[in-house]
1. Considering only DSSP beta bridges whose two residues both sit in the stretch 343-453, what percent are antiparallel, to the nearest 5?
2. Taking neighbour Cβ counts within 10 Å as the exposure measure, how do 158, 233, 385, 99 sort from fewest upward?
3. Compute the angle between helix 361-374 and the longest alpha-carbon principal axis of the chain, please, reported from 0 to 90 degrees and rounded to the nearest 10.
4. Can you grab the distance from the C-alpha centre of the stretch 282-331 to the C-alpha centre of the stretch 1-30, Å, no decimals?
5. Can you tell me the length gained on complete extension of the stretch residue 68 to residue 411, counting 0.36 nm per residue apart and subtracting the Cα distance?
6. May I ask for the angle, rounded to the nearest 10°, between helix 392-412 and the longest principal axis of the chain, with both axes built from Cα atoms and the value confined to 0 to 90°?
7. Kindly put 425, 82 in sequence by how many other C-beta atoms sit within 10 Å of each C-beta, fewest to most.
8. Enter the Cα centre distance for the pair the stretch 255-281 and the stretch 384-455, rounded to the nearest angstrom.
């Protein structure tokens with residue numbers, strides 16, 4: 001049994017009354033868990049739409065209900081039956097018709113429930129209408145029902161499963177249950193469906209009380225499946241949650257500020273290569289880790305020495321010294337060391353009977369110029385010599401001209417003329433016999449001698 005309030009919108013043409021609220025009561029009987037019969041009456045005071053004459057409407061109804069199984073939202077039902085309507089006041093007529101009801105029975109306490117419903121009254125030939133036709137009245141109702149006996153099955157935990165059939169009668173509110181009334185946990189994380197805010201958590205993941213994955217090291221791989229649960233913050237990790245170190249320098253990607261470090265290079269805490277000698281080759285790969293600052297080095301970090309004279313480039317002022325040539329600390333030929341011994345410029349040749357240098361002589365003289373430029377304090381004598389072929393006068397002149405030709409070439413290469421002196425000795429200072437062609441070839445020469453040091 002119970003009481004309720006109504007609000008009805010009457011058919012404008014068929015009934016002609018204004019929409020109004022009303023009240024009523026009901027008495028019913030459940031003859032099974034699914035079906036019930038109910039008698040109800042309600043009263044509504046309204047007015048006619050035409051002249052606003054007051055009309056009192058009383059309705060008596062008999063309804064057969066069919067109830068759906070319990071759900072967490074209540075128990076939905078559908079009803080249909082007969083209605084007798086009596087109009088008094090401005091009208092004095094009665095109508096017979098049918099009705100259809102859709103509603104929800106929401107348990108409140110042990111034997112009390114809230115009823116929410118919508119109603120459609122169907123009146124085939126309303127007595128209040130001026131023309132024939134079916135009238136349709138739409139209404140809504142809200143009320144309370146008290147079950148003295150019978151009624152819907154008791155559901156203490158409101159999970160939609162009656163207590164008699166509930167295998168888990170103490171289920172928490174809002175938890176989804178199975179047909180036995182026991183909580184569902186679709187992702188098996190220990191937090192029940194309905195309370196689980198992350199219902200698709202992967203198997204094995206540790207979750208919080210809301211059912212969402214924990215990630216202690218914040219690497220986006222949840223605890224429980226994170227093989228490396230203490231990864232440093234900011235490190236890039238793989239699918240197992242372990243830090244990635246692409247360049248193998250022991251500084252993890254994401255923290256490594258130099259992620260392309262060559263394999264084997266020593267790095268600092270930022271993951272950047274250490275280069276103790278500043279030669280551009282990282283420690284660990286540098287085969288010569290103590291190279292002097294500023295020296296060009298090879299790929300293995302060792303100083304370059306293009307001419308193989310033992311003096312590295314960057315220090316070597318004569319980088320094109322011939323192979324096997326003795327050099328000083330600057331990499332230049334030992335042309336001027338004591339004792340004072342003339343240096344024969346082998347390879348410096350002239351056109352036959354002339355003082356014109358051959359092109360093959362240029363490379364030798366270029367090296368001599370480099371050596372002189374590297375030692376600006378040195379002065380030299382350039383001496384021309386001939387064999388005994390021809391007259392002595394001619395040979396004296398030719399030897400002088402050839403010495404001057406060498407001096408002029410060195411001057412063109414930047415050696416100050418004031419540092420050089422040309423002399424021609426003709427055939428007077430032979431170093432081999434003039435009786436053979438080989439000996440005469442040795443006697444035709446140009447020599448370089450150190451003559452003074454400028455203070």
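The numbers here are math on the coordinates, done by the rules we state, and not lab data. Note that the structure is a prediction, hence the values are computed from the model and not measured. With ideal geometry, Cβ positions are generated from the backbone for all residues, glycine too; neighbour counts draw on all protein chains shown.
1. Values: 11 of 16 bridges.
Of the beta bridges lying entirely in the stretch 343-453, close to 70 percent run antiparallel.
2. Values: 158 17, 233 9, 385 26, 99 20.
Final ranking by Cβ density, sparse to dense: 233, 158, 99, 385.
3. Roughly 80 degrees between the two axes.
4. Measuring centre to centre over Cα atoms gives 109 Å.
5. Details: separation 343, 0.36 × 343 = 123.48 nm, distance 11.73 nm.
Value of the extension gain: 111.7 nm.
6. Approximately 20 degrees, to the nearest ten.
7. Values: 425 17, 82 13.
Ranked by crowding around the Cβ, least crowded first: 82, 425.
8. 58 Å
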